[in-house]
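What follows is a set of notes on a single structure, which appears directly below.
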Amino acid sequence: MKNKIIATFLAAAMTASLLIGGSMSAFAEGSYTRADSEGVVVGVLADPENMGPWSGMSQGRIAVLFSTYEYMITREDGVAYGVLAKSWEQTDGTTYDVEIYDYIHDTAGNPLTASDIVFSFESAIATKNYSKLEVIESVTAVDDYHVQFKFNKELEIGEFENVMLECAIVTQAAYEASEDQMATTPVGTTAYKVESYVPGSSLVLVDTGDYWQTDESLVHGTSLHNVPKITFSVITESSQHTVALQTHAVDISNGVPDTDIDKFGEGGEYSEGNEVGMVMDNLTIDLLYNMSDDSIFKDDQNLRLAIAYAIDREGINLGTYNGNGSAVKDFANATYPDYNAEWDEEDYFDYNLETAKEYLAASNYDGQTLQIQYIAASSMDLIAQMVQAYLSQLGINVELTGYDQMMGQSMQFDSTSYDILLKQNGSTDYIVNQWKLCWDRRDYEELTGGTANFVQDDTLDELMQACLSVDTYGEESVEAFHDYLAEQCYGYGLVEGTINIVHSSYITDVALDIRNQILPGACEYAE
């Protein structure tokens, strides 16, 4: 039966190439090369639209963000490095003092001082587009190069760094000189300035040759400028990314359809001059049970365990990602620095239909149809269908409901709308902050009376808070939460997918930011 379920979905499954060890690419001698003066052309799936420093996030905006603006810090491999911030220090439970470099200027030549930091943060907070900034009580310029941040609570693990990474920084002079609040002509402190922007078509950035940070030892990935010109080419149809790479109209893209990836790999029809790289996505597909008072799952741990053991997570990986993803062993995945590799050897609801049947027999399930809810997308549709098939094999009837993004985000807090929720979660720093997205009762109590899926469990909450507190965060608190959540099975992780990058082989190393977006300035190029 397992093989039949997988085979049913393989025709629609994603295909990918082999992970290239160490680096995402390798130079192919004699391959296609673009002239240095033309720089690099990056295919993106959506238009940046409003590029103002504090506009709302969108797919197109995220793709160009770090090429356009700098932040107080950056993060690489879980480690925070200063960008505009020279140093920072916590002076009491809710106060941090930050020193910025005294020689920063933007691409228009305006010097940047502490007052510009205050202006940027206060402007970003006023938009209400950035929930991570809600912990800020005040931002004060102490002098020209020192800023004091006061917070309305003691910050949790990684939270200060997240705040510093949330607000794009500009000079007040450049912002007020802009006729459209920098929506089409952003002026940041990066090495690149906007040469042209054609809405719906392209954004062109050129290296000014006058980047403010001249000490190369202090320039990190998001600020590198290894190519003189960057063109972001807007190609909204994924199939056209295949054509653009085939004809070398673009040099790099993460928008190629999964069904076309093999065409660019070794032996593929478009392999000449192109390469394929793969990285594991930091996003995890998780399964959450509705734990509200009226739910069938509220007091039936046996039913929760029956479903967990009935779903073959490796089968979902094979059917959805052609086996290139991973069946996860936690309510997150192994890309995080605080993930415990020993979990890989645990029985984390490893597929066992006989065990599932035993738990089902001990449960209160009486044949009713269960509603599975999710935000519709091609891969999530496929995962939902496979979950439905596995549960049918167990004898559980399932109906699927896929919503668009806005409706799905609203309906997840309606306890009458679903029995099982499939959700994609991820964080840019620590595994505990992915857990927080579902299990921190403080964030959801007004909406659900408990966690994101209505769990009311004081022990779970205590363990969650221990993970988030800077005083108690560590291997012991992380392990305790992982173990307890698996034991109670209020929800669990299914799979993580991959991000496939196709690029011209004159790009010798591909760089990605914390959101796994391409950093063209930090990529390395053949001479």
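The values are calculated or read from the model by the stated rules, or taken from the named source; none is laboratory data. Every value quoted in this text rests on a predicted model; they were computed, and no experiment measured them. Cβ sites come from the backbone with ideal geometry, for glycine too, and all protein chains shown count toward neighbours. Surface areas here come from the heavy atoms of the whole protein model, side chains and all, with no ligands, DNA or RNA. Shrake-Rupley method; radii C 1.70, N 1.55, O 1.52, S 1.80 Å.
Summed over the range 241-292, residues that are touching a residue at least 40 places away in the same chain (Cβ under 8 Å), farther than 24 Å from Val64 by Cβ and of a type in the set (Ser, Thr, Tyr) total 4. Within the range 92-106, the presence of a residue that is within 19 Å of the chain's Cα centre (by Cα) and among the small types (Gly, Ala, Ser) is excluded.
Close Cβ contacts (under 9 Å, 6 or more residues apart or on different chains) running from residues in the range 78-90 that are among the β-branched types (Val, Ile, Thr) to residues that are open to solvent by 50 Å² or more (accessible area, probe 1.4 Å) and part of a loop (DSSP other than H, G, I, E, B) comprise Val79/Pro337. Restricting the range 494-518 to residues that are assigned to a loop (DSSP other than H, G, I, E, B) and among the β-branched types (Val, Ile, Thr) leaves a set whose member that is nearest to the chain's Cα centre (by Cα) is Ile514.
Looking only at residues in the range 235-270 that are in contact with a Gly (Cβ under 7 Å, 6 or more places away or on another chain) and surrounded by fewer than 19 Cβ atoms within 10 Å (Cβ to Cβ), the one that is farthest from Thr320 (Cα to Cα) is His248.
For His248, the test of being closer than 30 Å to Glu527 by Cα and not in a loop (DSSP other than H, G, I, E, B) is failed.
Residues of the range 134-155 that are under 13 Å from Gln90 (Cβ atoms) and under 26 Å from the mean Cα position of the chain (by Cα): Phe151, Glu154, Leu155. When residues in the range 121-172 are screened for being touching a helix residue (DSSP H, G or I) at 6+ places or on another chain (Cβ under 6 Å), open to solvent by 60 Å² or more (accessible area, probe 1.4 Å) and within 17 Å of Ile62 (Cα to Cα), 1 of them pass.
The set of residues from the range 173-184 being open to solvent by less than 30 Å² (accessible area, probe 1.4 Å) and of a type outside the set (A, V, I, L, M, F, W, C) comprises just one member, Ser178.
Residues considered: Val510, Val478. Of these, the only one that is in contact with a strand residue (DSSP E or B) (Cβ under 8 Å, 6 or more places away or on another chain) and either of a type in the set (A, V, I, L, M) or open to solvent by 10 Å² or more (accessible area, probe 1.4 Å) (or both) is Val510. Helices (runs of 4 or more DSSP H) fully within the range 336-417 that include at least 1 residues being β-branched (Val, Ile, Thr), at pLDDT 95 or above and crowded, with 16+ Cβ neighbours inside 10 Å: 353-361, 378-394.
For the range 442-453, a residue qualifies if it is farther than 16 Å from Tyr492 by Cβ and modelled with pLDDT of 95 or more, and the qualifying residues are Thr448, Gly449, Gly450.
Just checking, does the range 452-472 include any residue being in a helix (DSSP H, G or I) and within 16 Å of Asp286 (Cα to Cα)? Checked the range 452-472: no residue is in a helix (DSSP H, G or I) and within 16 Å of Asp286 (Cα to Cα).
Listed by first and then second residue, the pairs linking a residue in the range 314-326 that is under 12 Å from Asp258 (Cβ atoms) to a residue that is assigned to a loop (DSSP other than H, G, I, E, B) and open to solvent by 40 Å² or more (accessible area, probe 1.4 Å), with Cβ atoms under 9 Å apart and 6 or more places separating them unless they lie on different chains, are Thr320/Ala12; Asn324/Leu18; Asn324/Leu19.
Right, Pro228: in contact with an Asp or Glu (Cβ under 9 Å, 6 or more places away or on another chain), at pLDDT below 95, surrounded by fewer than 19 Cβ atoms within 10 Å (Cβ to Cβ) and farther than 25 Å from Ile499 by Cβ or not? No; evaluated as a whole, the condition is false for this residue.
Assess whether Thr320 counts as being polar (S, T, N, Q), in a helix (DSSP H, G or I) and open to solvent by less than 40 Å² (accessible area, probe 1.4 Å). Considered against the rule, which asks whether it is polar (S, T, N, Q), in a helix (DSSP H, G or I) and open to solvent by less than 40 Å² (accessible area, probe 1.4 Å), Thr320 comes out as yes. Selection over the range 447-466 of residues that are among the hydrophobic types (A, V, I, L, M, F, W, C), out of contact with any strand residue (DSSP E or B) (no Cβ under 9 Å at 6 or more places or on another chain), open to solvent by less than 10 Å² (accessible area, probe 1.4 Å) and more than 19 Å from Asn302 (Cα to Cα) gives a count of 1.
The conditions are (1) hydroxyl-bearing (Ser, Thr, Tyr); (2) surrounded by 18 or more Cβ atoms within 10 Å (Cβ to Cβ); (3) outside any loop (DSSP other than H, G, I, E, B), and Ser292 fails exactly one of them. Which is it? Unmet condition: (3).
Go through (1) of a type outside the set (Gly, Ala, Ser); (2) under 30 Å from Asp262 (Cβ atoms); (3) in contact with an Asp or Glu (Cβ under 6 Å, 6 or more places away or on another chain); (4) open to solvent by 30 Å² or more (accessible area, probe 1.4 Å) for Asn333 and report which single condition fails. All conditions are met except number (4).
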